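Read the figures in this text as sums done on the coordinates, not as results from a lab. Quantities reported herein were computed from a predicted structural model and do not represent experimental measurements. Quick reminder, even Gly has a Cβ in these numbers, built from the backbone with ideal geometry, and neighbours come from all protein chains shown.
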Amino acid sequence: MAHSLKEMVENQIISRGIKDPKVIEALFKIDRADFVLPEDIQFAYNDSPLSLVDGQTISQPYIVALMTEALETDKDKRVLEIGTGSGYQTALLAYLSKEVVSVERLKSLYELAKKNLSKYPFKNVELILGNGKNIEFNEKFDRIMVTAAASGFPEKLFENLKEDGIMVIPIEQGFYQILYKIKKVKGKPEFRQLCHVRFVPLV
């Protein structure tokens with residue numbers, strides 16, 4: 001059990017192989033305690049998922065860090081996030097990226113994320129209430145992060161990714177979910193498996 005943000009980042013994230021200095025800096029700047037429910041503040045720095053409203057969860061810090069590092073975002077990149085949740089991953093992406101468009105289908109989480117993100121001075125985040133699987137965008141994105149498990153490869157979402165762009169997404173594989181880093185190369189997906197995970201389903 002970690003009792004501070006410093007302990008969380010040092011003992012549960014850096015010690016497990018997360019190396020990108022920008023990602024580590026963001027993890028120190030964005031306090032996970034700002035994004036958990038009030039009754040779970042005491043568990044905010046534990047390396048475990050925590051419950052949110054409507055049966056949703058905030059992912060464990062290590063998985064958040066792993067997905068953020070795998071996305072390879074920076075201040076030149078526009079990021080699409082599917083599944084805002086409580087806004088923790090959104091805030092990390094906003095800290096690291098040029099612009100973040102985050103889509104959340106549940107109004108309860110949309111309102112929660114908006115409240116949580118207001119604690120930070122971000123001007124580069126657009127929150128959208130809607131189903132991220134079905135929304136069509138006028139522009140393609142440099143990066144896409146999906147924080148719920150797809151039942152198969154999401155062709156429509158992949159179409160929203162620029163050439164040489166990266167998507168990080170959990171995909172169901174039978175009884176398992178595998179976290180993938182997918183790069184768009186000559187219009188086709190190149191898959192790299194990262195690890196087994198457990199996310200709520202993408203619906």
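Here are some pairs, Lys22/Lys77; Lys6/Lys77; Lys29/Lys186; which of them have Cα atoms lying more than 25 Å apart in this structure? From Lys22/Lys77; Lys6/Lys77; Lys29/Lys186, over 25 Å: Lys6/Lys77; Lys29/Lys186. Calculated on C-alpha atoms, the gyration radius of the chain divided by its Kirkwood radius gives an Rg/Rh of 0.93. Each of Thr147, Thr57, Thr73 has some number of other Cβ atoms within 10 Å of its Cβ, and from fewest to most they run Thr57, Thr73, Thr147. Taking a Cβ cut-off of under 9 Å around Asn124, the surrounding Lys, Arg, Asp and Glu residues balance to a net charge of 0, with basic ones at +1 and acidic ones at -1.
Estimated from the Cβ-Cβ distance and a Förster radius of 22 angstrom, the FRET efficiency linking Asn124 and Ser51 is about 0.15. If both residues of a DSSP beta bridge must be in the range 5-197, then about 50% of such bridges are antiparallel. Of the chymotrypsin sites (Phe, Trp or Tyr not before Pro) found in the range 138-192, the ones in coil according to DSSP and having at most 13 other Cβ atoms within 10 Å of their Cβ are Phe175. Based on Cα contacts under 8 Å between residues 6+ apart, the chain shows a relative contact order of 15 percent. For Gly87, no residue whose modelled amide H falls within less than 5 Å of its own remains once neighbours fewer than 5 places apart on the same chain are excluded.
Measuring between alpha carbons in the structure, the pairs from Lys133/Lys188; Lys75/Lys183; Lys115/Lys183 lying more than 28 angstrom apart are Lys115/Lys183. This model, with +1 at the C-beta of Lys and Arg and -1 at the C-beta of Asp and Glu, gives the range 5-197 a dipole about its Cα centre of some 380 debye.
Of the residues Ile82, Ala33, Pro61, the one whose Cα sits farthest towards the positive end of the charge dipole of the range 5-197 is Ile82 (charges of +1 on Lys and Arg Cβ, -1 on Asp and Glu Cβ, taken about the Cα centre). Between Glu163 and Glu136, what FRET efficiency comes out of the Förster formula 1/(1 + (r/R0)^6) with R0 = 22 Å and r the beta carbon distance, rounded to 0.05? For Glu136 and Glu163, the calculated efficiency is 0.75.
Computed extension length for Ser4-Lys115: 37.7 nm, one decimal, from 0.36 nm per residue of separation with the Cα-Cα distance subtracted. In order along the range 128-145, the phi-based Karplus estimate (6.51 cos²θ - 1.76 cosθ + 1.60, θ = phi - 60°) of 3J(HN,Hα) comes to 10, 8, x, 8, x, 6, 10, 6, 9, 10, 6, 10, 8, 10, 6, 9, 9, 10 Hz; Gly and Pro are listed as x.
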